[in-house]
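The values are calculated or read from the model by the stated rules, or taken from the named source; none is laboratory data. Since we're looking at a predicted model, the values are computed, not measured. So basically every Cβ, Gly included, is an ideal-geometry build from the backbone, and we count neighbours across all protein chains shown.
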Amino acid sequence: MMDQIEFVNPGFLWLLLAIPLGLVAGWYLGKDRKVILNYNLVSSNKVPKTWRSRLHFLPVVLRSVAWAALIFALARPRTSTMNQKTMSTAGIDVVIALDVSTSMKAMDFKPNRLEASKRVASEFISGRPQDRFGLVLYAGESFTQTPLTSDHRIVQSAMSEVDFGRVNDGTAIGMGLATAVNRLKDSEAKSKVVILMSDGVNNSGFIDPKTAADLASEYGIRVYTIGVGTQGQAPYPRLMPGGRTQVMSIDVQIDEPLLKEVSSRTNGRYFRATDDQKLSEIYAEIDQMERTKLTDLTYYQYTELFYGFLGLAMALVLLQEVWDKQIAKRWM
């Protein structure tokens, strides 16, 4: 931004009017004075021009400019430079609860449900640099892969390494949600969110998903649930004897009523992702609903200028004193 000049005490500038008024008053009061010069001329009836006579006005100019500089110094001029910076006023804490049961191997997403979920979630994290993220994995049981952190590289690195076989197989939705809630319950963020992804029916764990949802609601945590899977059937790679893999069709069973109930109890929403594109659109919609509040911070940098005017006034007063003394010495 360009520098702008402003005065902290602009009222003092009215005193500038006193300078021309003083000059006029001085001239009026002194116009009838007669200056008598003693001189001795040999062959002239005319007073010769001297440097003193030519510069008779200089003391008045020095005093006038000195007073003007002093008045400007009292008005305290300064330059101001405006700067703006966008800052987040309240970040959001988000825990992604990812289903890693073997049914996530289904190939109705590319290359499968788990890899597609990891990719889209990682892109979601990249687009929210101001927020903290955590990662919870669940199948037949659950555990925290990454606690809440603002270092997104750690979360994304951990997510890239997620694979099957980390925990016993099954779908413990209640356990996954309860673990995510446990990571968020002590958070001081203004908004706390769980994004829970599942492609099956709750069939494991000792915590009921609805109980976990009520716990989330108690701590002010909003839960967005995503059902991952096409409608009807999905291609699934099955390991056959001899180590070969055969793609078969399996029925897609997602407990949508349960996932809707869980999200409803926490003032969240349920989504159904039937392919990669739809999953990306769901995360984009969540991204718009859960935006971190930003504020434009405006601050000013000031440079004081009154020192220069004060120095000028002092220099002019000193110059006038020197001038007067030199003239007095020369003409006494």
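Based on what the data block shows, is residue 148 in contact with a Pro (Cβ under 9 Å, 6 or more places away or on another chain) and either buried (at least 20 other Cβ atoms within 10 Å of the Cβ) or not assigned by TED's automatic domain parsing to the domain that holds residue 133 (or both)?
no
Looking at the stretch 111-124, which of its residues are closer than 17 Å to residue 282 by Cβ and either surrounded by 22 or more Cβ atoms within 10 Å (Cβ to Cβ) or in contact with a helix residue (DSSP H, G or I) (Cβ under 6 Å, 6 or more places away or on another chain) (or both)? So that I can check it myself, show each step before the final result.
Restricting attention to the stretch 111-124, the residues satisfying the condition of being closer than 17 Å to residue 282 by Cβ are 113-124.
Selection gives 113, 114, 116, 117, 118, 120, 121, 122, 124.
Considering only the stretch 205-213, I want to know if a residue exists there that is at pLDDT below 95, buried (at least 16 other Cβ atoms within 10 Å of the Cβ) and within 25 Å of residue 105 (Cα to Cα). Can you show your working first?
Residues of the stretch 205-213 at pLDDT below 95: 205-206.
Checking which are buried (at least 16 other Cβ atoms within 10 Å of the Cβ) leaves us with 205.
Still in the running and within 25 Å of residue 105 (Cα to Cα): 205.
Within the stretch 205-213 (the criterion being at pLDDT below 95, buried (at least 16 other Cβ atoms within 10 Å of the Cβ) and within 25 Å of residue 105 (Cα to Cα)), the answer is yes, since at least one residue qualifies.
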Checklist outcome for this item: When (1) modelled with pLDDT of 95 or more; (2) more than 36 Å from the chain's Cα centre (by Cα) are applied to residue 273, the one that fails is (2)
Item to check | Counted residues, the stretch 221-233 - those being modelled with pLDDT of 95 or more and out of contact with any Phe, Trp or Tyr (no Cβ under 9 Å at 6 or more places or on another chain) | outcome: 3
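Here is a yes/no grid of residues against (1) surrounded by 13 or more Cβ atoms within 10 Å (Cβ to Cβ); (2) of a type in the set (A, V, I, L, M); (3) in a loop (DSSP other than H, G, I, E, B):
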site: 230; (1), (2), (3): yes, no, yes
site: 237; (1), (2), (3): yes, no, no
site: 241; (1), (2), (3): no, no, yes
site: 262; (1), (2), (3): yes, yes, no
site: 272; (1), (2), (3): yes, no, no
site: 283; (1), (2), (3): yes, no, no
Checklist entry - Do any helices (runs of 4 or more DSSP H) entirely within the stretch 143-222 hold 3 or more residues that are more than 29 Å from residue 130 (Cα to Cα) and free of Cβ contacts under 8 Å to residues at least 60 places away in the same chain, and if so, which? => result 209-218
